[in-house]
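All of the numbers you see were taken from the coordinates with simple rules; none came from a lab. Keep in mind the model is a prediction, meaning the values are calculated, not measured. Backbone-built Cβ (ideal geometry, glycine too); neighbour counts: all protein chains shown.
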């Protein structure tokens, strides 16, 4: 259906263009009807496409919803909180593995970020993603420190990452 509407939109545009081209000197007798017909087809197909997109956004794009994004951000936040609480007792290798696991979940969420942009709109997406992306970078930094043999600085990055994930979760739920 969407492809048919796109073709109809293109056909309407072409029809309107042919009509508009007829307003030369001397004017073609069918220029005005072609122009009007083309504009009507463009307007109709555009409005139907917009309505279809709005319905798709309300249902979620490819099954994605705002609630799913909020749940995923909260999942990462809770994982970061648990890791932060347990980090002092973990050996460096285990710390690195746990950070890598959280960073992997962040990457999974980030893999569909363009779908979330279309679902939420750029402004709302940015409100949520700003904190998430910063938290993700801080987790990656902590992982790098841990794998390089510096567990203490890695542990110090976890509260900073948590704070950004908290900000992202608040925006996602709000």
Inset, instruction - Quick one: angle between helix 2-21 and the longest Cα principal axis of the chain, in degrees between 0 and 90, rounded to 10, please. - result: 40 degrees
Inset, instruction - Report the normalised scattering of the chain as log10 I(q)/I(0) at q = 0.13, 0.18 Å⁻¹, calculated by the Debye formula with identical scatterers on the alpha carbons. - result: -0.71, -1.02
Legend entry - For the chain, built as a Gaussian network whose Cα springs stay under 10 Å, the top-fluctuating residue of 27, 82, 51: 27
Inset, instruction - Using only Cα atoms, find the angle between the long axis of helix 92-110 and the longest principal axis of the chain, and express it within 0 to 90 degrees, rounded to the nearest 10. - result: 10 degrees
Legend entry - Over the chain: helical MRE at 222 nm, DSSP H runs n ≥ 4 each giving -39500 (n - 2.57), nearest 500: -29000 deg cm²/dmol
Legend entry - Label-to-label distance, nm, for residues given as residue 10 and residue 173 (7 Å Cα→Cβ offset): 4.7 nm
Legend entry - Semi-axis lengths (Å, descending) of the ellipsoid that matches the C-alpha gyration tensor of the range 2-59: 30, 8, 6
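Starting from 0.36 nm per residue, how many nanometres of slack lie between residue 144 and residue 24 once their C-alpha separation is accounted for?
Numbers: separation 120, 0.36 × 120 = 43.20 nm, distance 6.76 nm.
Stretched fully, the residue 144-residue 24 segment lengthens by 36.4 nm.
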Inset, instruction - Treat each spin label as a single point 7 Å out from the Cα along the C-beta direction, and report the residue 126 to residue 113 distance in nm. - result: 1.4 nm
